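Derivation of every value follows stated rules applied to the coordinates shown; laboratory data play no part. Remember, predicted model here, so these are calculated numbers, not experimental data. All Cβ positions, even for glycine, are placed from backbone atoms using ideal geometry, and neighbour counts span all protein chains on display.
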Amino acid sequence: MPDVAAAVGTNPSHGVATSVGQFGGRLASDSRARVIDHWVPCVFGYAAMPKRIPKPAEASSASDRLSIRLDLASGAKIGPGKIAVLEEIGRSGSISAAGRVLRMSYRRTWELVEDLNRSLGTPVVATAAGGSGGGGAVLTQAGKTVIERYRAIEMDTAQAARKHLLALNRACGNK
């Protein structure tokens, strides 16, 4: 497998020295680099992550989908991402475990929880500090209620939209 050395240059738009290379094999400066079958820019010897290509099971299905985001008067914005975080915290009992399952950083997971806590004016997750005895997180009653009401709104909305989605598909030639 050929090694391709990265060429060092300056990004004219930023004036920052970058290490940019094209490779179909391994990057010479990093023996841990994986084989990637398309052009991937490298910055300072580390390959940028290629776009995630969904696996066949993850590919979007042919069915219609309705995505709901609630914008409450309090300023809270509640959508599928925050609900997924709350549900996963409820399952795992941990903010970091929820982040791993959802493929997001601990910091991002924590920010979503804190945004809900702040904008709703009441905690949705109660946490215990980690350490030798362990830590953890549990949903508060408010957190459980947020999930329950969001899912109820989602179901009612999907039911109400069904006939309109069918009509839209018929009008657009889809079956």
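A few notes on this one:
- If you take all other residues with their beta carbon under 11 Å from the beta carbon of Leu168, and give Lys and Arg +1 and Asp and Glu -1, the sum is +2.
- Förster radius 25 Å - calculated FRET efficiency between Arg170 and Lys77, Cβ distance, rounded to 0.05: 0.15
- Neighbour net charge for Arg100 - beta-carbon separation under 15 angstrom, K R +1, D E -1: +2
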